[in-house]
Each structure stands twice: as structure tokens, then as C-alpha cells.
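Student: Have a look at this one before I ask anything.
The values are calculated or read from the model by the stated rules, or taken from the named source; none is laboratory data. Just so you know, these numbers come straight off a predicted model, no measurement behind them. Please note: Cβ atoms are built from the backbone with ideal geometry, for glycine as well, and neighbour counts cover all protein chains shown.
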Amino acid sequence: MLDVWPAFPIVIEGRGGMSRPQVERNIITALKQRDRVCKIDLRPTTISLLKRMRAMKEPFPALAHLELWPTKSGKAPVLPGSFLGGSAPCLRSLYLDGIPFPALPKLLLSTTELVDLELFNIPRFGYISPEAMTTSLASLTRLQNLSLGFQFPQSHDTTNRLPPLLPRIVLPALTSLYFMGDNEYLEDILSRIDAPLLDSIEIEPFKELVFDARQLRHFISRTETFKEPHRAAVESFGSRIILSIFSRGVTVTTDHRFLKLRTSSKP
């Protein structure tokens, strides 16, 4: 039926039911119109469909939004460096949940229009080093939201730690940062970036005996939006604790939660 209509942009969305063979065939057929596909949002999607999608080695020049997360019934395949032809110049939003993509830094070098980058439940075989991650972020001058969440502890390779890049890269549009993972990885990332307009930080470190926040302290001090803490609050929910630090809001009677630090449910 695609030949009946004019060459409109194509949006591919799926919310369950994708396990049916006909639905999967329809999605693959639509993906073949790669010059017209502007949005791919499949959650959750089947492992079989992800395996077929990983073979997409041609660029999608109009793709602006990509969101993928697999069903819980199987292990997601690793996306290769050839995924999307290694280039997505119009991409503005990228959301991957449980999808291993160790070659992602290569793709990010082409995504200069990216506004939202959210990577959750990164598995061990999808590990990206702090150096590679920050190097790939250097060209993302429009990035406003950055979320990094690892699936397991020991996500950071402590046997091959590299010194911070000098000078640090600047993310001039970044306003929101979320991180879940090992403290060492977070500290390495924060030592390599500046985000002067950052307005919100949420951190969920994996359970550790000592939480070293030296780079976090220095990172916050380099922001322009957070000058002095106005108040702090500690909340307890069973075995979980949330520490929040507030800065003064737009008036003397309001405040804004700048930093949220909570204990993780991960071991």
C-alpha cells in the first residue's frame, strides 16, 4: 500500500503485538523506505525483529527519533558499527533500553542535531569507556538531556583507566543529567565534561561502601546555574535513601531541586 500514497514521511510505532509474523513483515517493509522513515519507536519489540533490524546497514537520512527496547524473553543482539550506515545526521532523539551498542560513539559523531540521548540497562557486552563516551559527546552542542544507566555493577574497566581529557569538553545546551552505575565511571565522566547550564542532576550509584564524590563536587562548582545550596532533604523509603540538594528558585519563597542522589536497588 505504500505505493498508493505520495511520498509522505513514515512513522513506525509498535506497542505490543509485534510477535505476529504479519506485523513484523509490515515493519520490515516500511523500514525499506529508508529515505522516508523519520521515526522508529518499537517498545517492546521482539528479539527476532531486532536481529533483522541490526542488518540495516544503509543510512536513514530523515530519521529524527529512534527508540528501541526488547521484550524480556531473550537477550538483545549487539548492534554493529554498520547499523544505520554508521550515520544519522537528522537524529534528534535516541533511546535504547537493554540494547548493547558498543559502536555507538561512531554513530554519535554524525548526530550533531541530537537533543536527547538516553541509554538504559546497558549490558556488560555493550560497555563504552568513559573516554570514548565523552569524545563522542564533544560534537553534540545541542544536547539537552543525557541519561546513562548500566544493568550490572563492574560496568567500568578499572584495569585500563585513562587520565582525564584536557581540555574538558563543553556541553553548552545540557540541562539534565541522569546516571546509574559504578561511581568510578561517573567520576571519570564528570572529570571530562563541563555543562554550564545544567539544571538537574540525578544519580543512582550501585551499592558501594564508599561513594567518592570529588569530581561531582568540582563538576557542580563549574555550572553557572547552581551557586549555593539553599537546603537539603533526606528521605527514607525502607532500605532506600534519597538525598536532595536544593538551590534558590526564581523567588525567595521557592527552591529548585538541583541534585538528587538515591541509593540503588541494584546489588
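Student: Select from segment 100-136 the residues that are of a type in the set (A, V, I, L, M) and touching a Pro at 6+ places or on another chain (Cβ under 8 Å) and write down the one among them that is farthest from residue 66 (Cα to Cα). Talk me through it step by step, then tell me what you get.
Tutor: First pass over segment 100-136, keeping only residues of a type in the set (A, V, I, L, M): 103-104, 107-109, 114-115, 117, 119, 122, 128, 132-133.
After this cut, where a residue has to be touching a Pro at 6+ places or on another chain (Cβ under 8 Å) as well, the list is 103, 122, 128, 132-133.
Working: 103: 16, 122: 16, 128: 19, 132: 21, 133: 19 Å.
Only one residue fits best here, namely 132.
Student: Does residue 93 satisfy being within 19 Å of residue 144 (Cβ to Cβ), touching a Pro at 6+ places or on another chain (Cβ under 6 Å) and either crowded, with 18+ Cβ neighbours inside 10 Å or not acidic (Asp, Glu) (or both)?
Tutor: no
Student: Another question about this same structure. For residue 112, state whether it is of a type in the set (Ser, Thr, Tyr), surrounded by fewer than 18 Cβ atoms within 10 Å (Cβ to Cβ) and outside any loop (DSSP other than H, G, I, E, B).
Tutor: Details: of a type in the set (Ser, Thr, Tyr): yes; surrounded by fewer than 18 Cβ atoms within 10 Å (Cβ to Cβ): yes; outside any loop (DSSP other than H, G, I, E, B): no.
Taking the combined requirement at face value, the residue does not satisfy it.
Student: For residues in segment 228-267 being surrounded by 15 or more Cβ atoms within 10 Å (Cβ to Cβ) and outside any strand (DSSP E or B), which is modelled with the highest pLDDT?
Tutor: Residue satisfying both the conditions and the ranking: 263.
Student: Shifting gears a bit: Write out, first by first residue and then by second, each pair whose Cβ atoms fall under 9 Å of each other, whose residues are 6+ apart or on separate chains, and whose first residue, in segment 23-51, is under 16 Å from residue 61 (Cβ atoms) and free of Cβ contacts under 8 Å to residues at least 40 places away in the same chain while the second is surrounded by fewer than 15 Cβ atoms within 10 Å (Cβ to Cβ) and small (Gly, Ala, Ser).
Tutor: Note: pairs meeting the criteria are 33/7; 35/7; 36/7.
Student: If you don't mind, there's one more thing I want to ask. Suppose we keep only residues that are more than 15 Å from residue 36 (Cα to Cα) and of a type outside the set (Ser, Thr, Tyr) within segment 2-20. Which one would you say is modelled with the lowest pLDDT? Give the steps one after another, and end with the answer.
Tutor: Start the filter on segment 2-20 by keeping residues that are more than 15 Å from residue 36 (Cα to Cα), which leaves 14-20.
Filter once more, so that each one left must be of a type outside the set (Ser, Thr, Tyr): 14-18, 20.
On the way: 14: 86, 15: 79, 16: 71, 17: 63, 18: 68, 20: 79.
Among residues in segment 2-20 that are more than 15 Å from residue 36 (Cα to Cα) and of a type outside the set (Ser, Thr, Tyr), the one modelled with the lowest pLDDT is 17.
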